[in-house]
Amino acid sequence: MSIRLDYTNMLADAIGEPCGISPNELDALRKPAQAIHQDLMQRREQGLLPFYDLPFDRVVLESVKQLGDQLAGRCSHFVVLGIGGSALGTLALFRALRPLYHNLLPAVERDGRPRLLILDNVDPAGFGEALDLLTPDETIFCVISKSGSTVETSCQLMIARHWLETALGDRWRDHLVVITDPESGSLRELAEREQLTSCAIPSGVGGRFSVLTPVGLLPLAVAGVDIDALLAGAAEMEERATRSDLLENPAYLNAALQVLSYRKGQHISVLMPYSDRLRDIADWYRQLWAESLGKRTALDGSRVHVGPTPVKALGTTDQHSQVQLYMEGPFDKVVTFLAVEDYGRDLVFPAFPGAGHLDYLSGRSMTELIQAEQQATAAALTSNGRPNCTLTLDRVSPQNVGGLVYLFEVQTLFAGGLFGVDPLDQPGVEEGKKYTYGLMDRPGFEDMKQRFESIVGGVTRRQL
Ligand SMILES: O=P(O)(O)OC[C@H]1O[C@H](O)[C@H](O)[C@@H](O)[C@@H]1O
């Protein structure tokens with residue numbers, strides 16, 4: 001595994017005042033960092049943070065691999081039904097670790113693996129059109145929900161089960177796999193009652209920290225991702241991400257830089273991979289960062305309303321869309337680049353006779369160009385006083401991606417400590433869910449319907 005963090009351009013040396021971080025500011029965080037570290041390690045020892053130990057669970061790994069191979073042999077399409085933490089990690093890692101056009105390749109070039117679809121919305125057009133393309137006999141649905149009660153996933157399940165049963169009768173059960181809490185929740189009850197194939201999400205691992213459980217591992221194994229190597233990379237990162245000294249630990253250091261930057265007014269945190277494969281890592285990271293750190297109330301009970309706003313960008317694409325704003329707009333952003341040394345292949349620019357203005361490119365390669373653009377953008381941001389740092393992967397390999405995921409998860413926990421908030425809850429998403437229940441006439445939520453009506457009806461609607 002090779003992941004390194006270059007944070008030169010976060011420091012006052014490189015970008016000056018007012019955004020640059022001074023060595024003293026970083027040094028001042030070392031002591032609080034020790035306390036947060038000890039707290040995390042203590043909670044890990046007590047079994048309260050089981051995600052730390054996921055990369056070492058050989059039993060789960062072996063059983064998932066076995067089940068993955070078996071399921072892969074029984075379908076041409078493996079379809080994940082889930083949302084948020086039950087979908088985004090799988091999407092990100094599938095894109096990173098299989099050929100970008102896996103689903104368009106003929107079976108032999110997919111190593112005989114099924115196509116993988118991840119349906120994470122209840123847009124009737126999107127869901128309906130996907131079903132139109134599928135054949136019940138050749139499809140296996142994998143329903144993933146930690147709570148077992150998420151309304152979007154439940155509704156997808158209702159439709160999928162009916163669709164299967166209509167075509168296959170009692171055999172619908174062979175085409176449905178469940179991943180949920182080991183004991184509680186209605187999805188677990190359903191799996192037991194109908195004797196469906198199922199996997200467990202270890203209790204204590206929250207959805208957005210669950211990609212290295214069967215939530216991500218099973219679909220990825222079915223699609224042919226080397227999950228051994230993925231977990232090996234995460235295990236390797238565990239050593240670096242549990243070092244006690246802030247300056248020795250890339251997860252703690254990156255969190256500290258982000259938090260110091262936030263305190264200086266950079267409330268927007270952009271993650272900008274220069275890699276199509278890593279594009280959706282930024283989507284997964286958005287949930288991790290947003291739900292974990294965006295909080296009204298601190299651990300001491302005070303109202304804080306904190307949280308960096310994570311933004312996803314893609315290099316070079318967004319240089320031609322967003323970078324104008326990052327360069328000259330408000331001083332409210334910190335950019336983290338994800339750079340890649342070896343893209344696994346390269347394309348050399350051939351000569352173009354008669355086009356003299358392109359001569360300087362002839363003989364150079366696409367890797368050189370994308371890397372030059374990343375470095376040029378970082379340098380330009382730096383010269384404009386904009387904080388930025390770069391995480392460089394030598395390759396987009398399962399080891400590196402496993403390491404990156406682990407790094408970001410620990411970084412998020414540690415940032416929660418620095419912000420003084422609980423990074424493991426998400427109370428703010430509940431209110432909207434309750435209004436939805438009210439509007440959908442779920443028993444017990446009648447008052448929410450009334451409250452919704454008083455909010456909506458309490459003011460004159462203005463529409464054009
Ligand atoms: O896995 P599930 O229980 O279905 O949850 C799916 C998602 O739903 C919620 O709204 C939470 O805010 C997310 O953190 C979670 O990942």
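The values are calculated or read from the model by the stated rules, or taken from the named source; none is laboratory data. Everything quoted here is computed from the prediction, not taken from an experiment. FYI the Cβ positions are ideal-geometry reconstructions off the backbone, even for glycines, and counts take in every protein chain you see.
Points worth noting:
- E368 under 30 Å from L418 (Cβ atoms) and not hydrophobic (A, V, I, L, M, F, W, C): no
- Segment 260-306, residues that are β-branched (V, I, T), under 23 Å from I3 (Cβ atoms) and surrounded by fewer than 19 Cβ atoms within 10 Å (Cβ to Cβ): none
- Counting only residues that are surrounded by fewer than 21 Cβ atoms within 10 Å (Cβ to Cβ), away from the ligand (no atom under 15 Å from the Cβ) and of a type outside the set (A, V, I, L, M), segment 413-439 holds 2 of them.
- Segment 1-25: number of residues that are among the acidic types (D, E) and within 30 Å of the chain's Cα centre (by Cα): 2
- Filter result (within 16 Å of V225 (Cβ to Cβ) and either of a type in the set (K, R) or within 16 Å of the ligand (Cβ to nearest atom) (or both)) within segment 69-88: V80, A87, L88
- When R208, R188 are checked against the criterion of being touching a residue at least 60 places away in the same chain (Cβ under 8 Å), basic (K, R) and on the phi < 0 side of the Ramachandran plot, a single residue qualifies: R208.
- No other residue among V456, V410 is exposed (fewer than 14 other Cβ atoms within 10 Å of the Cβ) and outside any loop (DSSP other than H, G, I, E, B) apart from V456.
- In segment 73-88, the residues that are farther than 15 Å from R110 by Cβ reach residues that are near the ligand (Cβ under 6 Å from one of its atoms) and among the acidic types (D, E) with C-beta atoms within less than 9 angstrom, at least six apart or across chains, in these pairs: G84/E291; G85/E291.
- On the stretch given as segment 89-113, residues that are more than 16 Å from the ligand (Cβ to nearest atom) and either in contact (Cβ under 8 Å) with a residue 12 or more places away in the chain or of a type in the set (S, T, Y) (or both) total 14.
- Residue that is surrounded by the fewest Cβ atoms within 10 Å (Cβ to Cβ), among those in segment 379-407 that are out of contact with any Cys (no Cβ under 9 Å at 6 or more places or on another chain) and either part of a loop (DSSP other than H, G, I, E, B) or β-branched (V, I, T) (or both): N384
- Segments classed as helices (runs of 4 or more DSSP H), wholly inside segment 186-300, with at least 2 members that are among the hydroxyl-bearing types (S, T, Y) and within 16 Å of the ligand (Cβ to nearest atom): 281-293
Results for (1) exposed (fewer than 15 other Cβ atoms within 10 Å of the Cβ); (2) part of a helix (DSSP H, G or I); (3) not assigned by TED's automatic domain parsing to the domain that holds L218, shown as yes or no for each residue.
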position	(1), (2), (3)
E17	yes, no, yes
E25	no, yes, yes
K31	yes, yes, yes
Q34	yes, yes, yes
H37	no, yes, yes
L54	no, yes, no
L61	no, yes, no
K65	no, yes, no
G68	no, yes, no
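- Whenever a residue of segment 157-174 is more than 13 Å from I140 (Cβ to Cβ) and at pLDDT 95 or above, its partners that are assigned to a helix (DSSP H, G or I) and of a type in the set (F, W, Y), lying with C-beta atoms within less than 6 angstrom and at least six residues away or across chains, give the pairs E165/W172.
- Residue tally, condition within 21 Å of N400 (Cβ to Cβ) and over 16 Å from the mean Cα position of the chain (by Cα), over segment 271-315: 2
- Condition check for E129: closer than 21 Å to L104 by Cβ, in contact with a strand residue (DSSP E or B) (Cβ under 7 Å, 6 or more places away or on another chain) and not small (G, A, S): no
- Enumeration of residues in segment 114-153 that are within 16 Å of the ligand (Cβ to nearest atom), polar (S, T, N, Q) and crowded, with 17+ Cβ neighbours inside 10 Å: S145, T150, T153
- E409 vs. criteria of a type in the set (D, E, K, R) and within 16 Å of the ligand (Cβ to nearest atom): yes
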